[in-house]
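Below you'll find the structure, written out as structure tokens, and then a few comments.
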Amino acid sequence: MSAELNILAIDTASEIFSVGISTAAGNFCFEADAGTSHSELLFDTIDALTRLARIEREDIDLFACMKGPGSFTGLRIGFAAVKGLALALEKRIISVPTLDCIAYPFKHNPFLCVPVLDAKQRRFFTALYLEGRRLTDFMDCTAEELAHYINEKLGNTPSAPRIALLCGPGAAIARGALSGFLPPDIYLCADDLYTGSAPALLQYIKESNILNNIEDARISAPLYIRKSDAEIKRAADAAASAG
């Protein structure tokens, strides 16, 4: 059933801007290292891809985006776009946890998979996976904390290599940050050539049972695992005033 759907997928969770459309004729994707220019590129990119796929916006059956964690602004842009289009066109919406989607192409890899987003402030959004199964909750942690989780999950297996595969837009940064905290018998490899996850999002939707999780576009919202800077500042100001 899902293979017959026209699906639009948007990934604005990091600096890598990625959009894809899947139709019966194939996948049509675009990505760019957009920094903070996602909103400026989004609708022009959607229009260009629909022309390339020879469909109209009205022909799209399902609008999909990253649920989070990720950039506060980026997630809001992605959600605003898919919710607005879905409501205007009376179509369906679905969101996928960002880290689940980044890890999905590595589901057949035998090593511990660690998708990583740079959460700034020397922290990372991450989770640990093995053969497509998530082993931990989504985490907002330091490199030292992440090293502890990796070491714990790999366990002590002298007869087998202790290998962790870092992937996602924060993989290269995490690899450097982790090197001083891991035992010497743990080998880190990083998928440094990260590309946007719109193609992975399309694949995830087609190959999983996620179509059973269609969301209400009126109330669907991003997953934030950290308070925004504005929320932190308001809380600090309130505490200062109360003191």
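No value in this document is a laboratory result; all are computed from the given coordinates. Small disclaimer: the values here were computed from a predicted structure and weren't measured. Quick reminder, even Gly has a Cβ in these numbers, built from the backbone with ideal geometry, and neighbours come from all protein chains shown.
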Item to complete: Give the Kirkwood hydrodynamic radius (Å, one decimal) of the stretch 117-201, defined as one over the mean of 1/r across all pairs of different Cα atoms.
Response: 13.4
Worksheet entry | Sum of -39500 (n - 2.57) over DSSP H runs of 4+, divided by residues of the chain (222 nm, nearest 500) | -10500 deg cm²/dmol
Fill in: Residue order, fewest to most surrounding Cβ atoms within 10 angstrom, among SER39, SER18
SER39, SER18
Fill in: Of all DSSP beta bridges in the chain, antiparallel share, percent nearest 5
55
Practice prompt. Mind checking the stretch 122-196 for trypsin sites (Lys or Arg not before Pro) that DSSP puts in a loop (not H, G, I, E or B) and that have at most 12 other Cβ atoms within 10 Å?
Written response: ARG122
Worksheet item: the stretch 15-82: which trypsin sites (Lys or Arg not before Pro) are DSSP loop and have at most 10 other beta-carbon atoms within 10 angstrom?
Response: ARG54
Response to the item:
Whole-Hz Karplus couplings 3J(HN,Hα) for the stretch 92-97, θ = phi - 60° and coefficients 6.51, -1.76, 1.60, Gly and Pro as x, run 9, 10, 8, 10, 10, x
Response to the item:
For the stretch 150-229, whose charge dipole is built from +1 on Lys and Arg Cβ atoms and -1 on Asp and Glu Cβ atoms, the candidate among ILE219, SER208, CYS189 with its Cα farthest towards the positive end is ILE219
Worksheet item: In the chain, which longest range has no GluC sites (Glu not before Pro) that are both DSSP loop (not H, G, I, E or B) and surrounded by at most 15 other Cβ atoms within 10 Å?
Response: 132-243
Discussion item. Let me check I have the definition right: for the stretch 5-148, take the eigenvalues of the Cα gyration tensor, multiply each by 5, take square roots. What are those semi-axes in whole Å, largest first?
Written reply: 29, 17, 13
Response to the item:
Rounded to one decimal in nm, the spacing of the 7 Å Cα→Cβ label points at GLU152 and GLU90 is 5.1
Fill in: Point-charge dipole on Cβ atoms (K/R +1, D/E -1) for the chain, about Cα centre, debye to 20
400
Practice prompt. Determine the equivalent ellipsoid of the chain by diagonalising the alpha-carbon gyration tensor, then write out the semi-axes as square roots of 5 times the eigenvalues, largest first, rounded to whole Å.
Written response: 32, 24, 15
